[in-house]
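Have a look at the structure below before the remarks.
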Amino acid sequence: MNRAFISVFFLLFSALFVSAQPACEGPPPSTVPVLDPVKRRAEYLARVDEVINWAADGGQAKTDDPAKLDLAMIASKIVLREDLHGCSQRVINLMSDPGTGPFWMFPTVCIAYLGRDHLTPEALASIRTAWRTTRQLRGDTENHWAMYYISLYLMAELYPNEPAESWYSGKSSSENLAEARSYLIYWMDLATSVGQGEFNPTHYIGEYVIPLQFLANWAKDPAMKKRGAMMLDWLFADLAANTLNGVLRGPNARTDEGSAIERWQAMASYFSWLLFGNTPPTSGYGGWGLYFAPLAKNYEVPEVIYRIATDRTGDHLQRDRARVRRFWRYSDELSPPVYKTNYLRRDYAVGSTRGGLMDAIQAHVWDVTWAEADPRGKHNTMFSLHPLSSMQALESMFVTYPEPMIKGVTFEGKPSYDSPDKIVGSSPYERVCQDLDTVIALYDIPAGTRFPHINGFFSKDLVNVTEDKSGWIFAQGGQAYLAYRPLAPYHWEKYLHYTSGWAKVRRDLGGSLLVSPHLKNGTIVQAASASEFKDFAAFKAAINALPLLFTLEPTPSVQFTSLRGKQLSFAFDQVLTVDGRAIDYSKWKLFEGPYLNSEIGSRKLTITHGRLERVLDFNTLTVTDRVR
Amino acid sequence: MIKKTPAFILLVLLAIGTLAAAEPAYDFFVCANINRNYVIGSKIVTTNGVFQRDAAGEWKHLGYNDTGISAVAFDPRDRNVIYTSALNGLWRSLDGGKLWRMCNDWDMTESRDVAVDPNAPDHVYLALPDGVAFSSDRAQTLVRRENGLPARGKYTQVVQVDRTRAGRVLAGCELGVYLTEDAALHWRQVLPTKEMVFDIQQSPHDPLVWLAVTQSVGAWRSLDGGLSWKQLAAVPTTHPLYNITFDVTNPQRLAIGSWGLGALTSEDGGQTWTDRNAGLPAPHRVWRVGVDPVGQLYASVVAETLFVSSDFGRTWKPDSLAGSVVNKFLIQPKSAH
């Protein structure tokens, strides 16, 4: 029985038991692209229905008792026109105790618009009242502001010409609208000219695309509506190009422990499933992802984006620019550029930034990940990092005092921040370079630094892990052969995992940490497909034959001839040279690769796959499709 | 009757005068957040924001429940005009806290401090993580005024207006103390530092005396209105110092709050300093210290409560506001309104 048939069977079976999460719990979907547009659309709509039905049936609460519904369930019930009276009562109840911030704002906007013609006037009035009485906190991150200002924009449009005293902000509808519009255009200009601050987020993609979808559907201003739709395409194209079989690969501005080791375990996977159908959704359909479903049928996944995600004929190298979201202090630049590389092949992907300090808590700098037929529960990654825990790093990004935040963040959803064995975060003492499927990470950690060592993550799902006398450690993940070269002595520790952002205890999920307690340090990783070699021994022999010179004193530096025959020379705080030529980062584009291309400052993205092309031009607010 | 009237009036005036002398000339406020582990997206389940100490010694909540209020200021002409510095930026109420307006646009955020010029009360200064904003119209409009501040290094934690002269303001920034004498049109550095200046205070006893505390270079004093500074040698430089305060009842008494050092006091004008953590819960993570109009010393101990001492730190007893972190103690001359 082929996988596609199994998937269809499960979809049909699931219709009988809508409280289950068939796509989440069933076998993995086929990764074969669906080329028939009618069938592709039908499958997309079926996936949307699966989410809506599950949410309307009570979702995680497993109840359709209106008194227990949350706003996501109510949204789905409104779409299905189910128990609208009960929904109205529940909205009134929920609005009597409103939340305070963007995560409350966008769900209420969703209900306010979806329920316009379906909920009782009292229910709608209760939402409006809450927007008068309860001060809304704008938050302090880029995703907070996207949610906040899109929500404010849409509510100001929904209730125009109302006075300042009728809004929590003390500003009139027109003032709120103008402020929100101004920020959103600013943010879109920034993202489309020098890149996102929260680039390739594993989870926060939802916090962007959900409100953007609201904007694309509900904005009255045609220009803002268009902007919403175009940003959706922009972000989904970026997602498509950086996934392998639906799983997001490479570096992330912000992630967490779960997504760092189990790359599938991310809201990005929910969107891959929904849009491309090529990986299972995460449990609960991404949680917030439920708010995308009510309008999802209005979104046509552009074929060119679908094909980028699903129809890979060969290896592809994508080099992009992004930016650090913001350094308030202790930095010469407010928002330094980030240079990303992602190299994706059939069996594995290698991705990196250049290292240095990015997000102080949640950045994921580089890794090698491999394809798994079923990615659920698989820790399909290998990387190293310096586990930075720094007052100054936190001060640089947050309006905080030196001491409290280190412990504080561990109680605020980032439990591992001050753990010496953590596996998430960036460090100013790390420099990374990449050429195709070779990564060199060098570390120069000042004496006295908290956690004066580096951690290398070795997954439970690696097989044939071999500590070779040459100094290389060989392993196999899926159909990828991996060679990991620590540049300083090390020992092994058990990897213990925080299973959620609020976990109090850590669990042994398998896996190990290579801990190297040396200030001058480094890691080289070389990946290859198993199919390139006769056997594992041949791979090991090939790696051992590669010329390698390195020194750690006074500054870590490496000269290495990669498996691809490239002579790589890299030293800490120096630019990588490949075959004697230094990489010129000043020439990097916003996007450059076979699928996505954009010049810095252009506000224009060309998306291509084969003969298909879509151009998103924010200068003219036009979308141009053509078959080349 | 006629002869008796002046005596009666004199008695009444004497009685009023006696009462007035007994009543402090200041009001006392705190900005307190009682929001353990609050993160954006979670529900605020506690009362946060501005509290005023009333005559009975109780803290009375004033205005909005906002978890991120870092500072409060009042129009000296009208106590109903209130400014708060918060996560969203600057909020203003013109009616004693019933209605509020978010004064800034999206280009300002996470303000750290707010101050009103007592000699130009329409003028409002806002400390921002990326500079300073100014308003000449009671915050109806805000503009950035950063000429003379460094392009990088202008994270501003505190703004303090010199009460003796309109437009004279000191700002505590990442790279030192900066002074303007023309309502923020021009700034100049008067004390360089490599890391944050966390607090600046003007003496209520001598307007030429100013104190500043820093992240890594201890405490500093100016005796010439902030033009020149000298380090207070007896204050440790081992830990960041979060704030410093005078005592309006005694010019010799000073106090410092510090996460790492707890509460420190001086009773000789800053020549010597004493650890006053005995009686405070350990670890002595003091977020702020303050002194009320009758000379009681307060210490906000993180994740504990507010503590009060009637003997300037020798003994402590818990006050209310359990679980709070006080971001600001504000002592304010009593308003006619």
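So here's what we get for this one:
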{"read-out": "Filter pass, A:S562 being small (G, A, S), in contact with a Phe, Trp or Tyr (Cβ under 9 Å, 6 or more places away or on another chain), outside the structural domain of A:F236 (by TED's automatic domain parsing) and modelled with pLDDT of 95 or more", "value": "no"}
{"read-out": "Options A:A125, A:A178: the member that is without any contact (Cβ under 8 Å) to a residue 24 or more places away in the chain, under 30 Å from A:W328 (Cα atoms), surrounded by fewer than 21 Cβ atoms within 10 Å (Cβ to Cβ) and not basic (K, R)", "value": "A:A178"}
{"read-out": "Verdict on A:A483 being at pLDDT 95 or above, assigned to a helix (DSSP H, G or I) and assigned by TED's automatic domain parsing to the domain that holds A:K340", "value": "no"}
{"read-out": "Breaking point among (1) touching a residue at least 60 places away in the same chain (Cβ under 8 Å); (2) surrounded by 23 or more Cβ atoms within 10 Å (Cβ to Cβ); (3) of a type in the set (S, T, Y), for B:S309", "value": "(1)"}
{"read-out": "Hits in the range A:178-200 (condition: within 25 Å of A:T341 (Cβ to Cβ), assigned to a helix (DSSP H, G or I) and among the β-branched types (V, I, T))", "value": "A:T192"}
{"read-out": "Residue count, the range B:263-317 (criterion: in contact with a helix residue (DSSP H, G or I) (Cβ under 9 Å, 6 or more places away or on another chain) and either closer than 20 Å to B:Q202 by Cβ or of a type in the set (A, V, I, L, M) (or both))", "value": "1"}
{"read-out": "Test: A:D117 is under 19 Å from A:W218 (Cβ atoms), free of Cβ contacts under 8 Å to residues at least 12 places away in the same chain, surrounded by fewer than 21 Cβ atoms within 10 Å (Cβ to Cβ) and in the same structural domain as A:A296 (by TED's automatic domain parsing)", "value": "yes"}
{"read-out": "Test: A:G289 is part of a helix (DSSP H, G or I), surrounded by fewer than 24 Cβ atoms within 10 Å (Cβ to Cβ) and of a type in the set (G, A, S)", "value": "no"}
{"read-out": "Strands (runs of 3 or more DSSP E) contained entirely in the range A:585-628, each with at least 2 residues that are closer than 23 Å to A:R345 by Cα", "value": "A:604-609, A:612-617"}
{"read-out": "Hits in the range B:290-302 (condition: more than 16 Å from B:A212 (Cα to Cα), more than 14 Å from chain A (Cβ to nearest Cβ) and in a strand (DSSP E or B))", "value": "B:V291, B:L297, B:Y298, B:A299"}
{"read-out": "Checking A:S96 against (1) more than 15 Å from A:G287 (Cβ to Cβ); (2) in contact (Cβ under 8 Å) with a residue 40 or more places away in the chain; (3) within 14 Å of chain B (Cβ to nearest Cβ), the condition it does not meet", "value": "(2)"}
{"read-out": "Members of the range B:68-88 found to be touching a residue at least 60 places away in the same chain (Cβ under 8 Å), within 14 Å of another protein chain (Cβ to nearest Cβ), of a type outside the set (S, T, N, Q) and not in a strand (DSSP E or B), listed by number", "value": "B:I69"}
{"read-out": "Scope the range B:58-67; condition acidic (D, E) and at the interface with another protein chain (Cβ under 7 Å from one of its Cβ atoms); matching residues", "value": "B:D66"}
{"read-out": "Checking A:P222 against (1) touching a helix residue (DSSP H, G or I) at 6+ places or on another chain (Cβ under 9 Å); (2) more than 14 Å from every other protein chain (Cβ to nearest Cβ), the condition it does not meet", "value": "(1)"}
{"read-out": "Scope the range A:306-362; condition of a type in the set (S, T, Y) and either more than 14 Å from chain B (Cβ to nearest Cβ) or under 15 Å from the mean Cα position of the chain (by Cα) (or both); matching residues", "value": "A:Y306, A:T310, A:T313, A:Y339, A:T341, A:Y343, A:Y348, A:S352, A:T353"}
{"read-out": "Wholly enclosed strands (runs of 3 or more DSSP E) of the range B:186-289 bearing at least 1 residues within 14 Å of another protein chain (Cβ to nearest Cβ), surrounded by 20 or more Cβ atoms within 10 Å (Cβ to Cβ) and at pLDDT 95 or above", "value": "B:197-202, B:210-214, B:243-247, B:250-258, B:262-266"}
{"read-out": "Of the criteria (1) more than 18 Å from B:H239 (Cβ to Cβ); (2) of a type outside the set (D, E); (3) free of Cβ contacts under 8 Å to residues at least 60 places away in the same chain, which one B:V302 fails", "value": "(1)"}
{"read-out": "Conditions (1) at the interface with chain A (Cβ under 10 Å from one of its Cβ atoms); (2) within 16 Å of B:Y26 (Cα to Cα); number of the one not met by B:W91", "value": "(2)"}
{"read-out": "Some residue of the range A:101-116 being touching a Leu at 6+ places or on another chain (Cβ under 6 Å) and within 9 Å of chain B (Cβ to nearest Cβ)", "value": "yes"}
{"read-out": "A:D573 modelled with pLDDT of 95 or more and surrounded by fewer than 17 Cβ atoms within 10 Å (Cβ to Cβ)", "value": "no"}
{"read-out": "Qualifying residue in the range A:75-85 (condition: within 14 Å of chain B (Cβ to nearest Cβ) and in contact with a helix residue (DSSP H, G or I) (Cβ under 8 Å, 6 or more places away or on another chain))", "value": "no"}
{"read-out": "Among the residues listed as A:Y168, A:Y183, the single one being of a type in the set (S, T, Y), within 14 Å of chain B (Cβ to nearest Cβ) and in contact with an Asp or Glu (Cβ under 9 Å, 6 or more places away or on another chain)", "value": "A:Y183"}
{"read-out": "Condition met for A:V432 (buried (at least 18 other Cβ atoms within 10 Å of the Cβ) and either among the β-branched types (V, I, T) or without any contact (Cβ under 8 Å) to a residue 40 or more places away in the chain (or both))", "value": "yes"}
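The values are calculated or read from the model by the stated rules, or taken from the named source; none is laboratory data. Quick caveat, the model's predicted, so the values are computed rather than measured. Methodologically, a virtual Cβ is constructed for each residue, glycine included, from the backbone with ideal geometry; neighbour enumeration extends over all protein chains shown.
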